[in-house]
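Data first, discussion second: the structure below is written as structure tokens.
The values are calculated or read from the model by the stated rules, or taken from the named source; none is laboratory data. Quick caveat: nothing in here was measured; it's all calculated off a predicted structure. Here the Cβ positions follow ideal geometry from the backbone for every residue, glycine too, while neighbour counts run over all protein chains shown. Remember, those area values only see protein heavy atoms, side chains included, never the ligands or the DNA or RNA. Shrake-Rupley method; radii C 1.70, N 1.55, O 1.52, S 1.80 Å.
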Amino acid sequence: MSKYPVYYEHIHTCKQTGARLGRVHTPHGSFMTPAFMPVGTQASVKGMSPEEVAEMGAGIILSNTYHLWLRPGSEIVRKAGGLHKFMNWKGSVLTDSGGFQVFSLAKPKDITEEGVKFSSHIDGRKLLLTPEKSMEIQNDLGSDIIMAFDECCPYPSEHGYAKRSLERTTRWLERCIDSHKNKDSQALFGIIQGSMYEDLRKISAEQITSFDLPGFAIGGISVGEPKNLFLSMIDCTVPLMPEDKPRYLMGVGSPDYLIEGSLRGVDMFDCVLPTRMGRHGTILTDHGKRIIRDKCFAEDFGPMDPECDCYACRNYPAAYVRHLLKANEMFGLRLCTYHNIYYLLKLMERVRQAIADDSLGDFKENFYKSYYGS
């Protein structure tokens, strides 16, 4: 048995690429990795019921500390028995620290050693989020995996600022560890920062992984930088992360980025992409995005994605879904969202199978041929 409430089990390493197949165990069940985590920002994956998300094959979802702090309040969730009972989700839950959201609301001068001062996006209230407060909220929420409070640098950032920022993130991690109360039931992950500088990524990885934690994350990338820079940051960071613990790449969810991250040994991913695109009538496929709102689907009586066997594609023609979207019917948005979440979950199943078959490199090559049309 592991000494941690959450731990990683290695199953197989792809001989072709070095990618890894594994399983993460939590107090609320296990899930296979590499895994995509649907995002349920306010204790709900937008447009979906927990039962629908489970039937698609998701073993873990992500919820948002900042939003649940403001509404309904973490104390209410705690009184309800924690997030799992509150939202009737039987699987695992990860909560972010709230940092990414508050930094988007704060001014640079409001980021201090104490924490971050900002105004609520709901009612304008002046608030202060600190490492201690983030831990208190996440302890109330009762998620299986909680994230340390960190500073996510914008892109681009100057080298000097990024260095000061990562050092503050390390100091904040120490405060998170000291104030985390539920060490036997909730796993605290540290977050590696360093902006887009390889030397700073190495410094941050050395500092953050020096703490005895159940898992670690890569933060501060996929924030608008070009793909080659994104890949180089993963390339320099993942080898510095422990092999016996989960590796989480935050905020990544496009099909190509999921494959690239998996190739490099990442275990967990999350992103709002599938739900956000679904709400705008766009779906993900092996051949790129399809905008179902477009006129070309007005008389398309086949499925939205002919290669998909999800509930939406099995039962409803593209023309019908387009009609719902144009008529502003919620069901159309739900069908697109259902397909997108299902598609990414099944894509990760295919990635895991390719790792097991020692053929992830071939899988990537074939996928890119269809995805990019080359």
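A compact table of results
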read-out	value
Residue satisfying all of: in the stretch 30-44; small (Gly, Ala, Ser) and either in contact with a Gly (Cβ under 7 Å, 6 or more places away or on another chain) or under 28 Å from THR13 (Cα atoms) (or both); most open to solvent (accessible area, probe 1.4 Å) among these	SER30
All positions within the stretch 54-85 that are of a type outside the set (A, V, I, L, M, F, W, C) and part of a helix (DSSP H, G or I)	GLU55, THR65, TYR66, HIS67, SER74, GLU75, ARG78, LYS79, HIS84, LYS85
Hey, GLY99 small (Gly, Ala, Ser) and buried (at least 23 other Cβ atoms within 10 Å of the Cβ) or not	yes
Where a residue in the stretch 111-134 is among the β-branched types (Val, Ile, Thr) and its partner, wherever it lies, is surrounded by fewer than 15 Cβ atoms within 10 Å (Cβ to Cβ), with Cβ under 9 Å and at least six apart	VAL116/LEU128; ILE122/ARG71; THR130/GLU114
Contacts under 7 angstrom Cβ, first residue in the stretch 204-220 being more than 14 Å from HIS180 (Cβ to Cβ), partner among the aromatic types (Phe, Trp, Tyr), 6 or more apart	ILE208/PHE216; THR209/PHE216; PHE216/PHE189; ALA217/PHE189; ALA217/TYR248
Lone unmet requirement of (1) open to solvent by 60 Å² or more (accessible area, probe 1.4 Å); (2) within 30 Å of GLY82 (Cα to Cα); (3) small (Gly, Ala, Ser) for SER210	(2)
Qualifying positions in the stretch 350-372 - more than 20 Å from LYS15 (Cβ to Cβ) and open to solvent by 70 Å² or more (accessible area, probe 1.4 Å)	LYS369, TYR372
Qualifying positions in the stretch 357-374 - touching a helix residue (DSSP H, G or I) at 6+ places or on another chain (Cβ under 6 Å) and of a type in the set (Lys, Arg)	LYS364
Answer from SER44, SER143, SER120 - the residue that is at pLDDT below 95 and of a type outside the set (Asp, Glu)	SER120
Residue in the stretch 180-193 that is open to solvent by 10 Å² or more (accessible area, probe 1.4 Å) and either farther than 18 Å from ILE146 by Cα or of a type in the set (Val, Ile, Thr) (or both) present	no
Residues that are under 15 Å from SER134 (Cβ atoms) and buried (at least 24 other Cβ atoms within 10 Å of the Cβ), drawn from the stretch 153-171	THR169
Test: residue in the stretch 221-229 that is outside any loop (DSSP other than H, G, I, E, B) and β-branched (Val, Ile, Thr)	no
